[in-house]
Amino acid sequence: MVELKNPLYNTAAPSTQSIHTDAHLRVTSDVAVPISVSTTFDYDKTDVKGCNYGPDQRYVYARESQPVQAKVEATLSTLTEGYAVIYGSGLSAAFAVLIEHKPKKIAIGECYFGVKEVLKQYQRLVPGVQVVGTECSFDGVDLVWLESPVNPTGEVKDISSY
């Protein structure tokens, strides 16, 4: 997660913010971060002790962070007036939602099969968690998991009916 330290935060329109929100992270003269396909970055092991964020950020490994990820997190953080974290996969994001919200009863509809596997792992870590279908009464439900369009079928669901 990157630091929210953009001087434009309170003065610029959202369209301007979305372009310049990472100005404090910029290490080149590029206005837009160049797309990086690198998975590893050159660094001095004595200089980097672990995850590091902010203007002195040094990239080590793409699963941890890379320039485009830092730009997206800075942009979303500024536009939502909060903090944003992006993930390398939908399943890691799904697991993060469960760990952050710690639901005890989850209603789940049709979804990507991997999400149901993540739910099984969560149930092993947190005994007593109930998983029910979206046809339930929603009594005591802490989290409702809906996908639209459904992965991988592409079927569009009417989320407002829930």
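Residues in the range 83-98 that are in contact (Cβ under 8 Å) with a residue 12 or more places away in the chain and either touching a Gly at 6+ places or on another chain (Cβ under 9 Å) or open to solvent by 20 Å² or more (accessible area, probe 1.4 Å) (or both): Tyr83, Val85, Ile86, Gly88, Gly90, Leu91, Ala94, Phe95, Val97. The residues of the range 111-131 that are in contact with a strand residue (DSSP E or B) (Cβ under 8 Å, 6 or more places away or on another chain) and aliphatic (A, V, I, L, M), listed by number, are Val115, Leu119, Val129, Val131. Against the numbered list (1) open to solvent by less than 60 Å² (accessible area, probe 1.4 Å); (2) at pLDDT below 90, Asp158 comes up short only at (1). Could you say whether any residue in the range 53-73 is on the phi < 0 side of the Ramachandran plot, outside any loop (DSSP other than H, G, I, E, B) and in contact (Cβ under 8 Å) with a residue 60 or more places away in the chain? Yes - at least one qualifying residue is present in the range 53-73. Every listed requirement among (1) over 23 Å from Ser161 (Cα atoms); (2) not basic (Lys, Arg); (3) not in a helix (DSSP H, G or I) is met by Gln123 save one, (3).
Within the range 114-130, is there a residue that is surrounded by 11 or more Cβ atoms within 10 Å (Cβ to Cβ), under 17 Å from Ala96 (Cβ atoms) and either of a type in the set (Gly, Ala, Ser) or in contact (Cβ under 8 Å) with a residue 60 or more places away in the chain (or both)? Yes, the range 114-130 has at least one match. Considering the range 106-120, and only residues there that are in a strand (DSSP E or B) and out of contact with any Lys or Arg (no Cβ under 9 Å at 6 or more places or on another chain), the residue that is farthest from Thr153 (Cα to Cα) turns out to be Ile106. Within the range 123-151, the residues that satisfy the criterion of being closer than 9 Å to Lys104 by Cα and in contact with a Leu (Cβ under 9 Å, 6 or more places away or on another chain) are Val126, Val129, Val131, Leu143.
The values are calculated or read from the model by the stated rules, or taken from the named source; none is laboratory data. Bear in mind the structure is a predicted one, so any value in this text is a computation, not a measurement. FYI the Cβ positions are ideal-geometry reconstructions off the backbone, even for glycines, and counts take in every protein chain you see. For the accessible areas, the whole protein counts, side chains as well, though only heavy atoms, and no ligand, DNA or RNA atoms are used. Shrake-Rupley method; radii C 1.70, N 1.55, O 1.52, S 1.80 Å.
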